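For reference, the structure is listed below as structure tokens.
Read the figures in this text as sums done on the coordinates, not as results from a lab. Every value quoted in this text rests on a predicted model; they were computed, and no experiment measured them. Backbone-built Cβ (ideal geometry, glycine too); neighbour counts: all protein chains shown.
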Amino acid sequence: MSKKNQASDDRKTALVGENDSIRPTILVRIAFSNLFYKKLRTTLTVIGVVVGIGAVVFLLAFGYGLRNLVTKQVVDSNSIRTIDINQANPTLLALDTATEEKIEAFNDVESVSRVFSYAGQVNYNNSKTGVVVFGTDQQYMDLNAFALTAGKGVSLKDSTTAVANTSFLKAIGIKDPQKLLNQKIDLTIQIPKDLRPEGMEGDIESSLKIVSVVESGSGSELFVSSSVFTDRNIDTASQAKILVSNKEAVGDLQKRIASLGFTTASPYDTVAQIDQVFGVLNYIFLGFGGIGLVIAVLGMFNTLTITLLERTKEIGLMRTLGARKKDIRRLFVLESMGLSFLGGTFGVLTAMAMSKGVDGFLNSLAGSRGLNESISVFSFQTSLVSQVIIGSAFLGLVVVYFPARRAAKMSVIDALKG
Amino acid sequence: MTNLIEFQDVSKSFPVKHGTVDVLKNINFTVPKGSFTILFGPSGSGKSTILNTILGLEPPTSGQVQVNDVDLYSLSSDQRAKFRTHFVGMVTQDNYWVNSLSVIDNVALPLYLCGYRRMKARKLAKKSVENVHLERYLNSQPTVLSGGEQQRISVARATVKSPEILIADEPTGNLDTKSGNEVLNLLISQTGNGAGTVVMVTHNPEFLDYANNILHIKDGVITQENNYDGEVK
């Protein structure tokens, strides 16, 4: 660089200084000073945003809460990770040990419980009753989470015990489930001739002790250990239940099992349908809450525009003292984001407080009618809360766009004249 | 003698409904470094337009404005904003404040805009307010002060970063004689050997005696009466 150019640059540097500008922390401090200088106006504007955001959060949390309640009724935490397998065509495709091993080898499969189901007949007090007999294992019983009516637990420890359902009780004419406990029954399981293994002649005859009674199905059912069948070399089950290590893998695993030729079903499908229904419901809620939000946005826009008109001389002063256009724009953006952030935060807190009130009212109402289980019809997921607070700050960015642009573009001389 | 500001054939016209109004007509003048320059003339003669042009706020229609041998309007809008932050201090007839800020923060504002840290800026601002003997109002809102006190705080703000040029637009216009003289003495104290250059607009002929560089302006035309010999009267 020539000496002449160097001197020119030095003179220019002396004129405009180094590349420094107002620190963001100071700009934030000035923005908040401006906000709190007009306390009443700021408070009223924030209340407007609180109402808008609060309405949206309250309604969405209600939607999520209802969905959770319904989902909880349909599936418990484990059963959502299960897949039921049925034979599409038993004669072509056997659900035997080899298939079980093949499925067990798939990734994300935690366990496989096969279920043998055959028609049977119970001889109790010289009276014969038809039942469906399910031969399975403890895992299957646990995953189905049957409601226990009598007994100390749903246990299928050995081939000498059985679990009956309440319909079976009715079929044999017993009203009190406790009376059936530890009673011996004679069971005949009818194995069709073409499904009998070599050397097996006739049906399975077994004497079993009833250890518990559960709520299950509308017909008479007996659950016995699968060893009742496997000990007699019967290897073809009619269905199976798979426990998957994580619920995200359920869909993929269903496809892989279907590719083997089996039909599958999972509570996960039901949950997906529930999610779909409540997704639509939440959009409707969002629409209702959105009305309040639109009013809040208009209130914010109004406040920012009035602020701009009131502070034209201040803007002129700051520009005269050397503030750049972008500094003025940033100041307005910070003020707007401050308003919406405060509104968003207090909106969420207000919605939470209101939900506690509603839950308390519903639970006391339920309590007065003999229901002691406490429930919540609201769900404030972390994602919902954080999205709303971040979204409200973003809303501030959108609302301030025109006022901030106008403030930055204002002629300094005209601004000083007011 | 070094010229800090130089107007070369500067004209400024404003568009009106039917045609244009020529406010500055091909004017030439210089402001020597360290001088106390008074821009004297009746209302509507173009004084404020000249000040705004020196501040980098009013680009001339033609001609060149040199400050420190740099063509001011060859700089971008942001660079001219930085020029006002670093190089210029300003006192106006009406006082302007950021109303939500205290006296000390208003005085520190030019330093904040220069990128100073809050602590350092407030320290320098306090010193500047002490120079105008109003430190008891440091944490007050500026609008609660009297007109004379506000004008002295305005001088404290304009001088807080020891600018090369101090622009004063009718700084005593709204003040009584006593307050006016106080403000004038504060401005004069900024000039002289090794200190800043003051350019003051006034239509009060009594102040002409204090100046060593007088620019008479009438109907957009300037005549210069330069008595500057390096000493302030």
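Using helices alone, what [θ] at 222 nm do you get for chain A, with -39,500 (n - 2.57) per DSSP H run of 4 or more residues, divided over all residues and rounded to the nearest 500?
-18500 deg cm²/dmol
For chain B, a crude dipole built from +1 on the beta carbon of Lys and Arg and -1 on the beta carbon of Asp and Glu, taken about the Cα centre, is about 1000 debye to the nearest 20. Farthest toward the positive end of the dipole of the protein assembly as shown, out of A:Ile47, B:Pro60, B:Thr37, is the Cα of B:Thr37, where the dipole comes from beta carbon charges about the Cα centre. Between A:Asp186 and A:Leu349, the distance separating the two model label sites (each 7 Å from Cα on the Cα→Cβ line) works out to 7.6 nm.
Packing here is the average count of other Cβ atoms within 10 Å per residue, and on that basis the peptides A:291-301, B:11-21, highest first, run A:291-301, B:11-21.
Shielding of peptide A:26-34 by partners, expressed as the average count of other chain Cβ atoms within 10 Å per residue Cβ, is 4.
Here B:Ser77, A:Ser379 are placed in order of increasing Cβ neighbour count within 10 Å, fewest first, which gives B:Ser77, A:Ser379.
Calculated FRET efficiency, A:Ser111 to A:Glu215, Cβ-Cβ distance, R0 = 25 Å: about 0.55 to the nearest 0.05. Eigen-decomposition of the gyration tensor built on the alpha-carbon atoms of the protein assembly as shown gives equivalent ellipsoid semi-axes of 92, 26, 19 angstrom, largest listed first. Among residues other than A:Gly151 with Cβ under 14 Å from its Cβ, the summed charge is +2 (Lys and Arg +1, Asp and Glu -1). With a 10 Å cut-off around each Cβ of B:97-109, the average count of Cβ atoms from other chains is 4. Per residue of B:74-81, other chain Cβ atoms within 10 Å of the residue Cβ number 5 on average. Within chain A, the longest run free of exposed loop sites, counting GluC sites (Glu not before Pro) that sit outside DSSP helix and strand states (H, G, I, E, B) and have at most 11 other Cβ atoms within 10 Å, spans A:19-197. For the pair A:Phe32 and A:Ala145, a Förster radius of 45 Å applied to the C-beta separation gives a FRET efficiency near 0.25, rounded to the nearest 0.05. Dipole magnitude for segment A:116-231: computed about the Cα centre from +1 point charges on Lys and Arg Cβ and -1 point charges on Asp and Glu Cβ, it is near 520 debye.
Assuming charge only on the beta carbon of Lys and Arg (+1) and of Asp and Glu (-1), the dipole of the protein assembly as shown about its Cα centre is about 1860 debye to the nearest 20. Screening chain A for whole DSSP H helices of 15 Å or more along their axis (Cα) with average Kyte-Doolittle hydropathy at least -0.5 returns A:24-37, A:39-74, A:267-310, A:325-368, A:382-399. Apply 1/(1 + (r/R0)^6) to the Cβ-Cβ distance of B:Lys17 and A:Gln276, taking R0 = 60 Å, and write down the FRET efficiency to the nearest 0.05. After rounding to 0.05, the efficiency reads 0.40.
Where in segment A:233-269 does the amide nitrogen come within less than 17 Å of the point 7 Å from the Cα of A:Asp96, taken along Cα to Cβ? Under 17 Å, as judged by backbone N against the label point of A:Asp96, lie A:233-240, A:261-262 of segment A:233-269.
Cα centroid separation, segment A:219-274 to segment B:65-144: 78 Å.
The calculated 222 nm mean residue ellipticity attributable to helices in chain B amounts to -9000 deg cm²/dmol, summing -39500 (n - 2.57) over DSSP H runs of n ≥ 4 and dividing by all residues.
State the antiparallel share, in %, of DSSP beta bridges confined to chain B, rounding to the nearest 5. Of all bridge pairs located within chain B, approximately 55 percent are antiparallel.
DSSP loop trypsin sites (Lys or Arg not before Pro) in segment A:363-418 with at most 11 other Cβ atoms within 10 Å of their Cβ, which ones?
Here the sparse-neighbourhood loop sites are A:Arg369.
One way to sum up the overall shape of segment A:54-154 is the equivalent ellipsoid from its Cα gyration tensor, whose semi-axes run 36, 24, 13 Å, largest first. Note on A:Asn126 and A:Gln73: the extension gain reaches 15.1 nm, defined as 0.36 nm multiplied by sequence separation minus the Cα-Cα distance.
Count the net charge of all other residues whose Cβ sits under 14 Å from the Cβ of A:Gln276, scoring Lys and Arg as +1 and Asp and Glu as -1.
Working: positive: A:Arg67; negative: A:Asp269, A:Asp275.
Surrounding charge for A:Gln276 is -1.
Identify, among A:Leu93, A:Thr136, A:Leu181, the residue whose Cα sits farthest towards the positive end of the charge dipole of segment A:90-216, taking +1 on the Cβ of Lys and Arg and -1 on the Cβ of Asp and Glu, with the dipole about the Cα centre. So the residue we want is A:Leu181.
A cut-off under 11 angstrom between Cβ atoms defines the neighbours of A:Thr25, and their net charge, with Lys, Arg +1 and Asp, Glu -1, is +4.
Arranged by the count of other C-beta atoms within 10 angstrom, fewest first, what order do B:Val107, B:Val144 take? Sorted ascending by nearby Cβ count, the order is B:Val144, B:Val107.
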